[in-house]
Structures are given as C-alpha cells and as structure tokens.
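Notes for the one structure printed next.
Laboratory data are not the source of any read-out in this text; all were calculated from the coordinates shown. Everything quoted here is computed from the prediction, not taken from an experiment. Note: ideal-geometry Cβ built from the backbone for every residue, glycine included; neighbour counts use all protein chains shown.
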Amino acid sequence: MAKTAIAKTKKASPKANELVEVLDEMLGLHRTVEEIVLSEDKSPLTTEEKDVIRRYEEGIQKLLDVIAPAGLKFDRKMIELNDQLVARSFYTYNWPSQIYPNWLSQLINFDIQIDISMFIYPASNRVIMKMLRKKVAEMRSSIRMLQQRGIVRDPGLEAALQDAEELRDLLARGSEKLFQLGFYFTIYAENEVKMKKIQTDVEAILGGKLILTKPAAFQMEHGWNSCLPYCLDELDFSRNMNTQALATSFPFSSSDLTDDHGILYGINRHNDSLIIFDRFDLPNANANVFATSGAGKSYVVKLEILRSLIQGVQTYVIDPENEYVDLCKTVGGSMIPISLQSSYRINPFDLPKAVRGDEAETGEILRSAVINLHGLFKLMLGSITPAEEGVLDKALLNTYALRGITLATLDPTKMEVPTMGDLIDVLKTTDGGESMAQTLQKYTTGSFSGLFDRPTNIELEKEMVVFQIRDLEETLRPIAIYVVLNFLWNRIRSDMRKRLLVIDEAWNLMQYEDSAQFLYGLIKRARKYYLGVTTITQDIDDFMNSPYGKPIISNTSLQLLLKQSASSVDNLAKLFYLTEGEKYLLLNSGVGQGLLFASNTHVAIQVVASASEHSIITTKPEEVMKKKQDLKDKKPNDAGASGKGNE
C-alpha cells in the first residue's frame, strides 16, 4: 500500500515525491507524516498530497497490527491476550537492607514466560548530601535527648545514623552515587489457575530474599506498558539505591557449571560457585587439556582421577614421566612398566575377547585387528609403498591362518594367537616381503627384541592401571603407546562400564599420521563404549599441525585451557574462538587457573584440592623431596620405638 501510494505521487506533485526522502526519519520519530512535511515546507498541503499521506499512514498502521496482539482486555487484576494468555504485572515495594550479588539470576533462569524491566534514575548528589546532613543532625539530636532522659538506647536509630554517616562519607569522596531503581515484571500463563501457581513461586523466590512485591492492581495497563521495550515508566514506583546496592541488581550473571551429581572440578572464578558435573552427561566424555609446562596439567587430571575413582570409574593411564605412581599406590592400582628391561609384555596380535553389537559378525574381529596392525607396522617400518602394503596385508592374514584363525572362523577369541616372529617367518617366504622382514627383525632378534614378540602377561583387573613408559627409548615411545592403546581398546570393547583413558604427552602420537589416525578413531568411537579419553599436551601446535588435530578437538566436549604462553595463545584463540578477555585471563593465570569449556558453557576455573589430596598428587620437586625425606626419617623412628617396646 505504501509503495503504491508513493509511486503515484511521482506523477502528481513534486512535494509529494519528497515524502520518499523523509520515510526513514518518520519511522524514528513520534511525528506524523503531515507534521514532517509541514516542517519542511510551510505551504498548505493539497488534497492529493493529503490523500497520499493518509494512505501511507494506513500502511504503517497495518504493520503495527501484524506485531500487536489481536485483542487485549484489561481489568483490575489481570490482562487477557488473544483469548490464549493471561498476564499480570507487579512492582517491588520493599527491599532488604543488604542483598548479595547475582540475586536476580534465579528469577531470570526460572522456567516461565516473564518480562522484566528495571528503570534507573540518577539523583543529584548535592541535594542528597544536603538532605543527609539534615537527617544526621536530627538523628544525633534524638539520640542525645534519649540519653538526657535516661531512656534505653534505640539500636534501630543508632544503626540508621551509622548508615547515613557512612553513605554521606562515600558520597563526599565520590566513590558512591545515589540512584532510584524501579523494578517491575509481568508474568504470563495459559489460564488463571496456572497464573496463581506461577505467582506463588515467583513471590517465594523474591520473598526468600526479603524482596516484596505487589500486583499493579487497577494499573495493569500501565504495568504492562512499563515492562514492554518502550522505555516508558508508567508506574513510577522507585526505591533509593547507592552504587553498590544497584550493582547487585545487574541482570546478566556469569555462566555456572553446577549439577546435583558428579565430581568437584574447582571453583568458578567469576562468582565463586562450585564447578560440579559428570563428564559422562555431556554429548561425549572426551577431554583435552592444554597448558604450558608447570601450569598444573597433570595435577588437574590426577585430581579428577582420584575423585572419579570414588564414583566407581575405572581408569587407565599412559604415564610418560612416572607422575602417577604415588596416586596409583595410594588407591591400590597396578603399575605396569613398559621397557626393554621390564618383564611385562604385550602381544600386538591379541584379539579382543568379544566385540559388542554389529562388530561381532563372523570375520569382523580379525578384520578389525588386521587394520589396527597395519597402522602399527607403518610406524615400525616407516613409509611403505601401496604394493608393500598389499603384501603386508596378505602376510598378516596368512600369519593368523597358521594358528587356524581366518575370516570364516566363528569365534577366534579362544584360539592361540600368533606373534611377531610368526609374521617375519611368513614375510620371508612371501614375494616382496623380504625387506620388511629384515626391518622387523630388530623387534624380534635385534636390539628391541622381547618387547612386542612374546605372549601378553598383563592383567587389567584393578580399578586404576598405569602404564609407565619413562624408561622406554624415545624412538620406541610412539610404537609402545600405539600397542598399549590397541590392547586397552580391545579390553574396553569386551565389556562396557564407566572408564577413563588418560594419555599424557599426547604429542607422541600426534607427530605420526598413522598413530594420530588411530587416536582419532578411538576418540570418535569412545562414547559407544562408555569411555572418556583425556589427552594432555603442553603445545597446541602439536594438534594444529596434524590433520587429525582439529577433528579430535571437535569430537571432544570438555576442554581445559590452563596458563598459556604468549606464543601459543593466538593459536588457541583461533581454534576455540576466544575473546580478548579470555586470552588475557589465560596469559595471566596462575597454577591451576584457566578456562573450562563443557559443551557450550565457558567458565573460569580455579582448581582446588584438600591437603590430603594435594599430598598424593603433587609433582613439585621440593614437595616430592620433602615427602621422601619425611618417609626416611619416619622409618628409623618407627624401628626404634618398636625395639624399645620389645625390650
């Protein structure tokens, strides 16, 4: 309608054509088109121009009809909208003398339809100071009169005097200002019965904080208008507030991460609330921990392990620096050193006891094992050609066949599996496999023999199992971690229960494509088997430079970013879309401080531990040495006391 009317004016009058130029101005002002046109040109409007203006204003009115309710009915205590909703407006008439910050969050987060308006008016400090001076003089005079008459002192009057003098001092210094606050809200419900219930709940929430409200009886229309985004205070019912009191009413509260079950991760640095949740309630239970050296990565993870064990969560740890030994001893776990000198062995050719679901079909167990072995032997052999990969695949199937295990075997898990020595014998007799056999011989008869070429003699029955790889040669670490992960993955798929798998210094796997691909596949499928994988690294570039780094992070619902160096924080900001404030927080965090991302919730965390927990999980050299010295000093004293008692 409006466009048609404007188009017609182009043939009618130059003045009417100028209406197009003032449309934007008209939409932002409380003036009619006719008033705007008359302000531009003092000559009277023609009949044709008035008709154009009338048509345009009709078009504006129709637009308002689209966004406005079809009908409204106001009575003394209720508003009816469209015969579908009822509404009731309230104003606040009483406030407590003291109130804590974030008091409004409970009302904002209450699962109801509610409109809230806050009107804040600054007051003149000069006038208030004059009034306070008069009030202070009156109260002091009243107190002296009571003392002269010998009347018992009035505590309420003395408290009021103290508050008035304190406020006057703050206003005089300029550290406080005085405002007036009007707080109104409108609640909506489907019918009057539900309205009464919602009103009772809301009044209970606010009443528990000594904030008292009343319905805007006989003023429902004014109350409703005051809660709409018009910035119109038609109720005009306000309360004096100074700056500190007004700041507690800030309507936007920081994110919190508190649930009624789970474990304590730390304290929210924004609002001092407890960060309690169960990572298995997230879309997946996987976690990434990034921090510089000494920022508390292992400390945080060990604290999580200790508290998760209490909840019955079994934990496997790949420990590159023997940092989890004390924790494992304390909880009665198993420590399995993986090295050439160790007596513990893992056979890479092991098959899982059983595989749940669709993977339990005939041949799938063997096929899955062979695919994983391809990744392992690529690490051992280095780069191999497609032709060599085909030879290796045939040799692996033939090696299993020597033990009677084929793709047609119904249940191969009860049969004896081959070893790496059997594979080398097969490769020697296979065209194109001789060079691979010579390379792999160092793992069976060479300097690396004994680690991967013997039957497995490891059990995983304890609630915490730590695989120690500190004493393993650097070149063998990626291979050993791959073998351990494959061994654990076979066990995890056999029976389902809550488990955590912690991979410390995950860069050992991320630097090789095949091991990074295996880790990505494990993380992607962990949710199906009730497993949470935690990767720990001190350099974000390890993940950024790997083609599987970003996919691993995107399949992780929990990220913990502790103190970062200036060189790596920009990469983190790009990867996690950090704000400037979050970047500043990471750069200036102390030990155990950082950001915790749980799905879509971001909170600033301070990790806290009790004294007994700290003594178990600390890795500070001075504290570790002191603890060892205390144990040495305690043993002779115990022996002496025992000998004296025997005498």
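The figures follow:
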read-out: Order of Thr429, Thr618, Thr406 - criterion: other Cβ atoms within 10 Å of each residue's Cβ, fewest first; value: Thr429, Thr406, Thr618
read-out: Inter-part distance where the range 583-631 and the range 97-127 are each reduced to a Cα centre, Å; value: 36
read-out: Neighbourhood net charge (14 Å Cβ-Cβ; Lys/Arg +1, Asp/Glu -1) for Asp260; value: -4
read-out: Label-point separation, Lys177 to Leu274 (7 Å along Cα→Cβ), nm; value: 4.0
read-out: Between 0 and 90°, nearest 10: helix 477-494 axis offset from the chain longest Cα axis; value: 80
read-out: Residues Cys328, Cys231, sorted so that the one with the fewest Cβ neighbours within 10 Å comes first; value: Cys231, Cys328
read-out: C-alpha long axis of helix 47-67 to longest principal axis of the chain, angle in °; value: 50
read-out: Straight-distance crosslink candidates among aspartates and glutamates, where the alpha carbon sits under 20 Å from Lys626 and sequence neighbours closer than 8 are dropped; value: Glu321, Glu323, Asp326, Glu613, Asp638
read-out: Extension gain (nm, one decimal) between Met78 and Gln629, 0.36 nm per residue minus Cα-Cα; value: 190.8 nm
read-out: Restricting the range 438-531 to trypsin sites (Lys or Arg not before Pro) in coil, as DSSP defines it, with at most 12 other Cβ within 10 Å; value: Arg497
read-out: FRET efficiency, 1/(1 + (r/R0)^6) with R0 51 Å, evaluated for Asn571 and Lys130 via beta carbons; value: 0.30
read-out: Loop-located GluC sites (Glu not before Pro) in the range 383-449 whose Cβ has at most 16 other Cβ within 10 Å (DSSP); value: Glu416
read-out: Karplus (6.51, -1.76, 1.60) ³J(HN,Hα), θ = phi - 60°, over the range 126-140, in Hz, Gly and Pro reported as x; value: 5, 5, 5, 4, 5, 5, 5, 4, 5, 5, 4, 5, 5, 5, 5
read-out: Contact order relative to length of the range 126-227, as percent, for alpha carbon pairs under 8 angstrom and 6 or more apart; value: 22
read-out: Debye intensity ratio in log₁₀ form over the Cα atoms of the chain, taken at each q of 0.05, 0.08, 0.11 Å⁻¹; value: -0.46, -0.86, -1.13
read-out: Rg/Rh for the range 72-247, where both radii come from Cα atoms and Rh is the Kirkwood radius; value: 1.08
read-out: Structure-based [θ]222 nm, the chain - -39500 (n - 2.57) summed over DSSP H runs of at least 4, per residue, nearest 500; value: -13500 deg cm²/dmol
read-out: Distance in nm between pseudo-label sites at Lys214 and Asn600 (7 Å out along the Cβ direction from Cα); value: 4.1
read-out: Modelled FRET efficiency - R0 51 Å, Thr46 with Glu221, Cβ distances, 0.05 increments; value: 0.80
read-out: Rounded to 10°, Cα long-axis angle of helix 566-576 versus longest principal axis of the chain; value: 80
read-out: Mean separation of Cα contacts under 8 Å, 6 or more apart, over the residue count of the chain: relative contact order %; value: 15
read-out: Inter-label distance for Ala408 and Ala204, nm, one decimal - labels placed 7 Å from Cα along Cα-to-Cβ; value: 7.1
read-out: Karplus 3J(HN,Hα) series, Hz, for the range 447-453 with 6.51 cos²θ - 1.76 cosθ + 1.60 (x for Gly, Pro); value: 5, 9, 6, x, 8, 10, 10
read-out: Pairwise FRET efficiency - Ser293 versus Glu622, Cβ, R0 = 22 Å, nearest 0.05; value: 0.85
read-out: Least to most buried among Thr430, Thr385 (fewest other Cβ within 10 Å first); value: Thr385, Thr430
read-out: In the range 169-227, the chymotrypsin sites (Phe, Trp or Tyr not before Pro) that fall in loop regions by DSSP, at most 13 other Cβ within 10 Å; value: Phe218
read-out: Potential extension, Glu57-Lys498 segment - 0.36 nm per residue separation minus Cα distance; value: 152.1 nm
read-out: The range 72-247 - percent relative contact order, Cα under 8 Å, separation 6 or more; value: 41
read-out: Added length on full extension, which subtracts the Cα-Cα distance from 0.36 nm per residue, Lys428 to Glu138; value: 93.6 nm
